[in-house]
Amino acid sequence: AGCEKEPSSYMWIYILLGNMLRGIGETPITPLGISYLDDFAKEEDVPVYVACLHTIAMLGPMFGFLLGSLCAKLYVDIGFVDLGSITITPQDSRWVGAWWLGFLIAGVTNFLAAVPFCFLPKSLKKPEEDNNGKTSLDYSAVIMPCIFQSQLIYPFLSDFYTSLKKVLSNRMYFTLLCCSVLQFSSFIGFLTYKPKYMEQQYGQSTSKSNFLIGLTSLPPVSIGIFLGGLIMKKYKMSIIGATKFAFIMSFLGYTIALLHFFVGCENHVVAGMTVSYE
């Protein structure tokens with residue numbers, strides 16, 4: 001009992017609030033950015049622009065893994081202790097990398113990248129040939145800082161429930177939503193556990209595992225998204241054609257993913273986990 005003590009640090013609250021604020025700031029980029037592109041771009045060019053948007057969104061985690069790999073090589077108390085007195089290496093199980101450094105670098109980068117958004121025009125001149133029979137809601141004004149004005153906030157809150165109910169009652173959208181939840185759930189699990197699996201099974205350091213994940217897993221996804229946008233533009237797919245295309249690609253992807261069941265290593269012998277202590 002003398003060895004047990006309750007954790008007394010509440011730093012996790014700061015991390016929780018920081019991630020919450022980051023999520024609030026990042027969330028509008030995708031839905032409102034896509035609406036902005038859809039409102040003011042030619043209809044045949046929208047798939048390519050959206051693909052570029054998602055491709056860049058996938059490159060971000062890749063650079064994040066590479067940055068995490070670099071930070072993991074640095075001792076957690078860098079700048080506060082004499083590094084010459086550190087006797088352990090990143091290969092040691094007691095090593096803790098400078099995980100907090102990535103938040104500072106990414107935070108400053110995000111702040112600088114957000115500045116140009118303040119100069120986006122509220123509306124652009126729509127291409128004349130793109131307006132034939134096309135009705136599109138202009139969401140672009142919401143992107144601008146005037147979103148914080150009361151005349152936009154209050155109507156949004158009052159109509160939110162009605163809009164949400166209408167959207168979720170759309171069978172096609174609800175099916176797509178369920179499909180996306182399942183896809184991203186598996187993808188997040190893959191990214192979460194694969195680095196740790198590489199550490200345990202192949203004896204790699206945290207730094208090298210993050211480096212390999214960022215370099216091998218995410219670029220193919222980015223390339224796939226971009227090529228999908230180009231294919232949709234070239235063949236001018238309708239929503240039915242895009243659905244068939246997505247189904248075929250997803251089916252092939254899941255079929256290839258089944259090969260993971262046949263590739264792997266035997267579990268290590270760990271007392272108390274895979275074998276008894278006796």
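The values are calculated or read from the model by the stated rules, or taken from the named source; none is laboratory data. Predicted model, so just to flag it, every value in this text is computed and none were measured. Heads up, the Cβs are rebuilt from the backbone with ideal geometry, glycines too, and the neighbour counts pull from every protein chain shown. With ligands, DNA and RNA removed, areas are computed over all heavy atoms of the protein, side chains included. Shrake-Rupley method; radii C 1.70, N 1.55, O 1.52, S 1.80 Å.
When you restrict to C-alpha pairs under 8 Å that are six or more residues apart and normalise by the size of the chain, the relative contact order lands at 32 percent. The amide H of Ser123, built 1.01 Å from its N in the peptide plane, has no neighbour under 5 Å, considering only residues 5 or more places off or on other chains.
Multiplying the sequence separation of Phe261 and Ala246 by 0.36 nm and subtracting their Cα-Cα distance, what value in nm do you get?
3.0 nm
Relative contact order of region 14-133, please, whole-number percent, based on alpha carbon pairs below 8 angstrom and at least 6 residues apart. Before the final figure, lay out the partial values.
Details: 53 pairs, mean separation 35.5, N = 120.
Dividing the mean separation by the residue count of region 14-133 yields 30 percent.
So which of Lys166/Lys244; Lys125/Lys233; Lys165/Lys233; Lys42/Lys165; Lys125/Lys234 end up more than 27 Å apart by C-alpha?
Values: Lys166/Lys244 25 Å; Lys125/Lys233 22 Å; Lys165/Lys233 32 Å; Lys42/Lys165 30 Å; Lys125/Lys234 25 Å.
Over 27 Å apart, Cα to Cα: Lys165/Lys233; Lys42/Lys165.
Helix 218-235 and the longest principal axis of the C-alpha atoms of the chain enclose an angle of approximately 20°. Its DSSP H runs of at least 4 residues, each contributing -39,500 (n - 2.57), put the calculated 222 nm mean residue ellipticity of the chain at -21000 deg cm²/dmol, to the nearest 500.
Keeping all protein chains in place and using 1.4 angstrom, which order do Trp100, Trp95, Trp12 fall into by accessible surface area, from largest down?
Ranked list, largest accessible area first: Trp12, Trp100, Trp95.
Of the solvent-accessible surface of the chain, computed with a 1.4 Å probe and all protein chains present, 69% belongs to carbon and sulfur. Relative protection proxy for 111-124, 234-247, from highest mean packing down: 234-247, 111-124 (other beta-carbon atoms within 10 angstrom).
Angle of helix 46-72 to the longest C-alpha principal axis of the chain, folded into 0 to 90 degrees and rounded to 10: 20°. Per residue, the accessible area of the chain comes to 76 Å², computed with a 1.4 Å probe over protein heavy atoms only. For the pair region 255-278 / region 13-56, the C-alpha centres are spaced 39 Å from each other. Under a Gaussian network description of the chain, with springs only between Cα atoms under 10 Å, the residue in Met11, Met249, Met198 that fluctuates furthest is Met11. The modelled label-to-label distance for the pair Tyr202/Ile13, using points 7 Å beyond Cα in the direction of Cβ, is 4.1 nm.
Which angle between 0 and 90 degrees, to the nearest 10, do you get for helix 239-257 versus the longest principal axis of the chain when only C-alpha atoms count? The helix 239-257 is inclined about 10 degrees to the chain.
Could you sort His268, His54, His260 by their accessible area in this structure, using a 1.4 Å probe and putting the largest first?
Numbers: His268 90, His54 65, His260 125 Å².
I get His260, His268, His54, largest accessible area first.
Dipole size of the chain about its Cα centre, with +1 on Lys/Arg Cβ and -1 on Asp/Glu Cβ: approximately 580 debye, rounded to the nearest 20.
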